[in-house]
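The values are calculated or read from the model by the stated rules, or taken from the named source; none is laboratory data. All figures in this text were calculated on a predicted structure; none of them were measured in a lab. Positions of Cβ are generated from backbone atoms using ideal geometry, with glycine treated the same way; all protein chains shown enter the neighbour counts.
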Amino acid sequence: MRFTRILVPLDGSRLAEAVLPAACSVAAKLGARLLLLHVLEREPPATVHGEPHLSTQDEALAYLEEHAAALRGRNLEVDVHVHERPVGDVAAAIDRHAHELEADLIAMCAHGRTNLRSRLVGSIAERILRGGSIPILLRTAHAPQAAKFELRRMLVPIDFGHDVEAALSAARALAQPYGAAVALLSALEPAPPSARMLPGTSALTRELDLDALHRRLGELAEGLRTDIADVQTIVEQRRPTDAILAASDALPADLIVLVTDAHGGLAGWYDPPTAQRLLARPAQTVLLIKEL
């Protein structure tokens with residue numbers, strides 16, 4: 001997994017711009033090119049997040065060029081693109097541009113009229129995941145003025161029933177240039193109530209399962225240490241959602257990698273509240289990767 005061209009959709013609002021610190025940081029560390037995009041909407045609202053909406057090509061181009069000039073002053077490579085024909089489906093337009101411009105990462109903010117925090121990851125991001133295989137760097141839009149991005153610790157939940165290599169590849173791609181520490185997390189969910197019927201057998205089975213989980217996670221960590229100096233493993237005995245949130249707080253994690261299933265939803269190992277609760281946090285950054 002390599003990130004060389006980062007598409008950043010912007011709607012003209014300061015909330016959408018909250019993703020820029022993370023996108024610019026990744027671009028600088030990896031030597032990637034930023035592709036700033038605005039999609040003109042058909043019958044757009046007069047305002048977006050309380051600010052005037054960009055309704056013409058000239059307005060959008062001037063807005064993007066202003067940001068591009070500032071970013072180029074920081075020695076970043078930046079292109080600007082405006083989807084000229086107004087569309088009703090913004091998600092589809094972003095997805096098309098991502099493929100046309102050969103972007104290998106989409107960076108965007110978790111906000112919008114779609115009430116993102118009440119859904120899995122939000123209408124636009126979710127639909128892009130369903131439609132394509134390009135990873136999405138998603139950041140919450142709270143307190144954008146203080147949203148400096150530093151990648152010191154990365155949390156990588158591992159679900160052995162899904163695409164483990166995708167998560168590890170992302171860890172290698174990002175942790176190494178940042179010199180970040182990586183924590184691999186896996187969880188063995190609490191025993192079901194039926195386990196009380198045979199407590200001795202259940203306890204032995206659970207102990208064997210925990211040993212196997214420790215061993216498998218340790219093998220993955222050992223493989224990562226050829227590229228990343230600081231790799232730790234965390235094995236929890238709680239629901240995966242609670243395990244991820246607790247580990248994120250304890251580290252604390254600057255970036256959490258979550259693998260999605262083929263339909264664009266989170267892998268079955270996670271509960272939907274995982275993403276909802278993560279996206280309710282200020283300046284939380286999540287990398288969503290679609291399982292092929």
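Return the residue satisfying two criteria in turn: it lies in segment 34-53 and is surrounded by fewer than 16 Cβ atoms within 10 Å (Cβ to Cβ) and charged (D, E, K, R), and of such residues it is modelled with the lowest pLDDT. Only one residue tops the list, namely GLU51. In segment 25-33 there is no residue matching the filter, namely being outside the structural domain of ALA167 (by TED's automatic domain parsing), surrounded by fewer than 18 Cβ atoms within 10 Å (Cβ to Cβ) and modelled with pLDDT under 95.
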